[in-house]
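The values are calculated or read from the model by the stated rules, or taken from the named source; none is laboratory data. Predicted, not measured: the structure shown is a model, and the values here were computed from it. Glycine also receives a Cβ, built like all others from the backbone with ideal geometry; neighbour counts cover every protein chain displayed.
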Amino acid sequence: MIYINEELINNQRNVIKMLIRKVGNNIVQGKSIMNVSLPTIIFSKTTMLMRQSEMIQFIPKYVKYI
């Protein structure tokens, strides 16, 4: 099986490069490499605006208008 979605592959490479850069910076500064956090963008394909709009759509179910 060959996966040829170049955009997804480039995004994954960018995340790996960022993690290597953060680990390298922590080593140079004498910090622990365990303090490196993963970017949340790799866990979800939706943007912050999309997540907020999904939450807002349920407001009428919980709020009564006068």
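Tallying residues that are in contact with a Lys or Arg (Cβ under 8 Å, 6 or more places away or on another chain) and modelled with pLDDT of 90 or more within segment 26-37 yields 0.
Which members of segment 54-66 meet the condition of being part of a helix (DSSP H, G or I) and either touching a residue at least 24 places away in the same chain (Cβ under 8 Å) or among the charged types (D, E, K, R) (or both)?
Pass one, segment 54-66, residues part of a helix (DSSP H, G or I): 54-56, 59-62.
Hits for segment 54-66 are 54, 61.
Among the residues of segment 38-53, is there at least one that is of a type in the set (Ser, Thr, Tyr), at pLDDT 85 or above and in a helix (DSSP H, G or I)?
yes
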